[in-house]
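The values are calculated or read from the model by the stated rules, or taken from the named source; none is laboratory data. Bear in mind the structure is a predicted one, so any value in this text is a computation, not a measurement. Cβ: placed from backbone, ideal geometry, glycine included. Neighbour counts: every protein chain shown. All accessible areas refer to the heavy atoms of the entire protein, side chains included, with ligands and DNA or RNA removed. Shrake-Rupley method; radii C 1.70, N 1.55, O 1.52, S 1.80 Å.
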Amino acid sequence: MPRILLALGALCLLVAAVIFLAVAWSALGVGGRTAVLVALTLTAGAASLGLHRSGLRVAGESLSVVALGLLALDVVGGVDAGWFGAAAEDRLALVLGAVVGGAAIGMAAVPFPGRPRLVAPQLVTGVAAVLVYAGGVASSPRTLLVGHLTVLGVAAVAYAGRRARLLPLAWSVAAAGAIAWLGTASVAFVGVVLHLTFAGVWGGAAGWSLLASAACLVLPGVVAGHRPTVLVGASAAALLATATAVLPAVDETAGTIALVTVAVTAGWTLALAVVPASLRVVPVAPAVGGALLLVGQLLVAGGTALARWSELPGLLDLPAGVRLDRPEPTVEPLVVVPAVVVLAALAALLSPGTGRERLRAWLPDALLATTLGVILTIGQYDVPLAVVVAALAATGTVTAVAAHLRGAATGAVAALVLAAGAAVVALPSGVLTLGAATVTAVLAVGTTVLARSAVARFAGGVLVAPSLALAAAAAVQVAGRDDAWTAVAVLLVAGPAAVARPRPEVEVPAVAVALIALPASVSAADTPDDLVSLWLVLAGALVAATALLHPERRRLAVGAPVLWLLASWVRLSAAGVTTVEAYTLPTAALLLVVGLLGLRADPDRGTWVALSPGLSLATLPTLVVALGDPVSLRALLLGAGCVALVLAGALLRWSGPLVVGAGVGAVLVLRELGPYAAAVPQWIWIGLAGTLLTLAGVTWERRLAEARHAFGTLARLR
């Protein structure tokens, strides 16, 4: 409550002062004005210090704000009255910030034995510094010089505030300095961008101002007295200075930009390698910044090569001698190899470990990066596609062998990626795709079997089925066969791989590629029913094989008959068979076999749960048809089957056959009775219904009386 009251009181005093100046200013003479302004300001300031000294801290803080606000009004009124000269009107913000800031520093510096310093004047100091910067920029044509002087000045004030333990003052002034630095650097950057030539950057003040702004980045660490912050600031300063130095190259050709970027990044990478460990932070920012630009240039180069590749028409249709001939490269191709080498060196230097460990880890990566750079460079020229595919496949093979010898999981995965990339790049040509996919399949199988790392084995397993499937599709094209055979070929190579290696990472991709290949082949087939039926039979055989060979896949055994059943349905549909039993009885027989096996494995299992699905499928669809034609051979056979089920259930004491046979038979018998029931007089049916209802009511009442008697007997028990 005191804080609320004092805040409102301070606000009222400031508003009253403004109204007083607006209303009574013209009625007072110069002496009267001076006396009133000085008296009010001094009274508020003295009251603030006195109250704070006496322990009323909130009151002292509130009145300090009032005093500084009155001082600001004094300055505005004095400038308006011409006390500071005619030129002061154009520099009102500068004068206001300087006077109020000086007074705020003075109030904040007043010591109070046993009590903290005033905080509000310290915060006002930062606002005053911003006013000084804004006023200086508005009143001087040398805005860059004003900005740098402001940054240096506020840094000195912040340093003094930290030494005097006036931390709010230091932080507020530091925030003002950040605003001044950002404004100055932005103006200088715009000046550089508008004159992107060597003479335009260094012939004027903009370039040198950016360098000065870069040097100012070390000031936060110096002010804070924190060496790591100084090093981080020096790293940021190096980045900004480097960017300023190379900005004139932006106006040159793409090749010049690439060369400059590689050279600068290589220089900072070398500096990272040779500077003492205590200073290794400094080259990091410019080196990483250059590396990001190099990555961008490599992406542009890769996009150029990809554009060349995408211009090739067809899929698996072109001959092995197809060439990459357009478009022209955007980035200088010969810069690609140095760029990837520099990136590999920077990655090694930034990795943990000693220099020897980093060098040992860098050499294989550098060789791989150099090779990839060469391949990417080749891809930007008019060369046969086979050269790029062979280079990628060979690199993947060598990398896989080296990774196996070293036991490196990352190298094994990289080898698989390279081999898969070769297969993808080879897609326009069937012959090239067959070769590249075969190499990929061999590497994937070898990695799955031989790799010591679980990650590498998993990656190899994922790639086995897709690579084999791609090789099979390419083989069909090379052999000149119909596209309809692609799905069968894919199934015959991907399926055995899943059977031989029953792991999810192999089985799931195998199922995926088999299902993906089927629609395309069906659309290309002259007799799609025959193709789908054959595919389902082969798939069922593969499922049965994996269920029989691997105990952990026993549950898949039910899938094989289902697939074969679907194959039979397809054949029946193609043959024009419409008899419902041709579709339902094989499935019912399968379900009954499964149910009987379940009863044999678990004697406690009920026959209703085990056998009712198969029995229901065998009888209910036929019953639906028989109800439409009750006097038929189908109805006779269904009735005989129901009698057999009832007798078998009664003899074996099985509820499933008994319930299904009795239920279906009863419905069939009632349907047979229907035509004759219509000829019976209605009074007989009404009398029969009344009799049944009367018997039911008597039985209900009797059971209710027996229940009441039982409850009464229970209540009388002791």
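Would you check if Ala44 is at pLDDT 75 or above, buried (at least 19 other Cβ atoms within 10 Å of the Cβ) and part of a helix (DSSP H, G or I)?
Numbers: at pLDDT 75 or above: no; buried (at least 19 other Cβ atoms within 10 Å of the Cβ): yes; part of a helix (DSSP H, G or I): yes.
It is false that Ala44 is at pLDDT 75 or above, buried (at least 19 other Cβ atoms within 10 Å of the Cβ) and part of a helix (DSSP H, G or I).
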Could you list, in sequence order, all residues of the stretch 302-314 that are open to solvent by 50 Å² or more (accessible area, probe 1.4 Å) and at pLDDT 75 or above?
-> Leu306, Trp309
Pick from the stretch 616-647, criterion among the β-branched types (Val, Ile, Thr) and touching a Lys or Arg at 6+ places or on another chain (Cβ under 8 Å), ranking: most open to solvent (accessible area, probe 1.4 Å) = Val625
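Among the residues that make up the stretch 107-117, is at least one of them at pLDDT below 85, at negative phi and touching a Phe, Trp or Tyr at 6+ places or on another chain (Cβ under 9 Å)?
No, the stretch 107-117 contains no residue that is at pLDDT below 85, at negative phi and touching a Phe, Trp or Tyr at 6+ places or on another chain (Cβ under 9 Å).
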If only one of Gly411, Gly407, Gly480 is touching a His at 6+ places or on another chain (Cβ under 9 Å), surrounded by fewer than 24 Cβ atoms within 10 Å (Cβ to Cβ) and at pLDDT below 85, which one is it?
-> Gly411
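Considering each of Ala205, Ala224, Ala164, Ala176 in turn, give the residue that is open to solvent by less than 40 Å² (accessible area, probe 1.4 Å) and touching a residue at least 12 places away in the same chain (Cβ under 8 Å). Explain how you work it out, then say what you get.
Working: Ala205 fails: open to solvent by less than 40 Å² (accessible area, probe 1.4 Å); Ala224 fails: open to solvent by less than 40 Å² (accessible area, probe 1.4 Å); Ala164 fails: open to solvent by less than 40 Å² (accessible area, probe 1.4 Å).
Of the residues listed, the single one that is open to solvent by less than 40 Å² (accessible area, probe 1.4 Å) and touching a residue at least 12 places away in the same chain (Cβ under 8 Å) is Ala176.
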With respect to Ala266, determine if the residue is touching an Asp or Glu at 6+ places or on another chain (Cβ under 6 Å) and open to solvent by less than 70 Å² (accessible area, probe 1.4 Å).
-> no
Does Ala650 satisfy the criteria of being modelled with pLDDT of 80 or more and either surrounded by 11 or more Cβ atoms within 10 Å (Cβ to Cβ) or within 60 Å of the chain's Cα centre (by Cα) (or both)?
-> no
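Results for (1) under 21 Å from Gly421 (Cβ atoms); (2) of a type in the set (A, V, I, L, M, F, W, C); (3) within 33 Å of the chain's Cα centre (by Cα), shown as yes or no for each residue.
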{"site": "Trp485", "(1), (2), (3)": "no, yes, no"}
{"site": "Ala498", "(1), (2), (3)": "no, yes, yes"}
{"site": "Val508", "(1), (2), (3)": "no, yes, yes"}
{"site": "Ala512", "(1), (2), (3)": "yes, yes, yes"}
Name the residues in the stretch 88-136 that are under 51 Å from the mean Cα position of the chain (by Cα), closer than 17 Å to Gly147 by Cα and of a type outside the set (A, V, I, L, M), would you?
-> Gly97, Gly126, Tyr133, Gly135, Gly136
Phe458: passes all of (1) within 30 Å of Val383 (Cβ to Cβ); (2) open to solvent by 10 Å² or more (accessible area, probe 1.4 Å); (3) under 29 Å from the mean Cα position of the chain (by Cα) but (1)
Any idea which of Thr440, Thr527 is out of contact with any strand residue (DSSP E or B) (no Cβ under 7 Å at 6 or more places or on another chain) and open to solvent by 20 Å² or more (accessible area, probe 1.4 Å)?
-> Thr527
Does Gly126 meet the test of being open to solvent by less than 40 Å² (accessible area, probe 1.4 Å) and either within 18 Å of Leu71 (Cβ to Cβ) or polar (S, T, N, Q) (or both)?
-> yes
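Is there a residue in the stretch 244-258 that is of a type in the set (Gly, Ala, Ser), over 20 Å from Ala291 (Cα atoms) and in contact with a helix residue (DSSP H, G or I) (Cβ under 9 Å, 6 or more places away or on another chain)?
There is no residue in the stretch 244-258 that is of a type in the set (Gly, Ala, Ser), over 20 Å from Ala291 (Cα atoms) and in contact with a helix residue (DSSP H, G or I) (Cβ under 9 Å, 6 or more places away or on another chain).
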Leading residue by the ranking (least open to solvent (accessible area, probe 1.4 Å)) among those in the stretch 371-384 that are in a helix (DSSP H, G or I) and either modelled with pLDDT of 85 or more or not hydrophobic (A, V, I, L, M, F, W, C) (or both) | Gly373
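What residue, of Ala544, Ala539, is under 24 Å from Gly461 (Cα atoms) and crowded, with 20+ Cβ neighbours inside 10 Å? Talk me through it step by step, then tell me what you get.
Details: Ala544 fails: crowded, with 20+ Cβ neighbours inside 10 Å.
Every option except Ala539 fails the conditions.
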Could you run through the stretch 179-202 and say how many residues are farther than 26 Å from Thr125 by Cβ and surrounded by 18 or more Cβ atoms within 10 Å (Cβ to Cβ)?
-> 7
